[in-house]
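What follows is calculated from the coordinates using simple rules that are stated; it is not laboratory data. Every value quoted in this text rests on a predicted model; they were computed, and no experiment measured them. A quick note on method: Cβ atoms are made from the backbone with ideal geometry, for glycine too, and the neighbour counts reach across all protein chains shown.
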Amino acid sequence: MLVPAKLNTVSGLLVATLPAVAVVGFGSALLSFVGGRTEVWRMADTAGPYSLLMAAAVLGVMVVLSMLLSMGLTGRHAPLVVLVGIATLPWFLGIAGTDEAMERVLAALPDVGSGDALSVLVAGTGEAMVTRLLGAWASAALLVGVAVGLVLLRGRAALVGEGAGQLLGAALSLALGSIALLVALEAHQLFQMLTTIATQAPEARAGFITSGTERLAHLEDLRSAALVVLAILALSLVSWQFYLRPQAVSQWAGSLMLAGLSAAVLLLDARPLELAARGAREAGLSRTLLPLLVRSSSANALGTLPSGTLPSLGGIRTSR
């Protein structure tokens, strides 16, 4: 059985409920952050069937993680790569939804007039960010739950000489969760900007773009710092496990797999914006939209939009 017959009272109950507590807490924070239920329903409507699929996936992941963390109370610890890999499933699902939405937008571009192509691409890119936002936010909550669970289980791991590795694993999970949260915040910023810019008065658009640019720049700086921390932690974990027990190939090889998993989700997360940038280039919109969609220049790209292009955004739709 994955769930032990007897949990150690308070500590056992706490460990078992950590994923659910983290998801509920982050969900409440998301509700407050985006501005209430009306905005959440707007995002859910934009995501379409993916919102239901995401809810089912998060529920399933919560149950599995609860069972795996509870298993640690019996001294049988689940591999870190399994815990973190399962916690990132909503993020992967969100990326898949954004990819699918972007492909639909790009497929529609040849059928619209050249004057409407910018509006379609801007609105479609903004709406496509919703599933990426929801998936990354859910994974951030689950990864924080995993990190706290590993810390609570550290005492049992220390009995078999794995206490330090457990703490490094918890720190790595927390670092990846921090990156997921920053990705979610970036996706929300893009969603908010690209789907509401048409509602701004022409004279207010310059200030709207400037404030959005500053927030994106700040998020980019934080994510770069978090990536450095994640790389250091991954290298430290592999080196520590190899130094401690070089013959235990499954342990340090599992940590290498975890580093590869982290790299994979981050690379895939960049793909939707790359698709949008490619669409902008192929549609001849690179002078107006491409800088915004290239991740490496997303911090200051909005400021490069020529002022003459802003009026052409007036026809952007704000919902599917």
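Once the C-beta distance of GLU100 and SER224 is scaled by a Förster radius of 22 Å, the resulting FRET efficiency is 0.20 to the nearest 0.05. For the peptides 95-101, 39-45, the ranking by packing is 95-101, 39-45, with the highest mean count of neighbouring Cβ atoms within 10 Å listed first.
For the peptides 265-278, 220-233, 132-145, residues were scored by their other Cβ atoms within 10 Å and the scores averaged per peptide; the highest-first order is 132-145, 265-278, 220-233. With each label modelled as a point 7 angstrom along the Cα→C-beta vector, the VAL63-THR38 pair spans 3.6 nm. If the label point is 7 Å along Cα→Cβ of ARG278, which residues in the range 76-110 have backbone nitrogen under 18 Å from it? Inside the label zone: 95-110. Length gained on full extension, SER239 to GLU214: 5.2 nm, using 0.36 nm per residue less the C-alpha separation. Sorted into 10 angstrom bins from 0, the C-alpha pair distances of the range 32-133 split as 14, 32, 27, 17, 7, 3, 0 percent.
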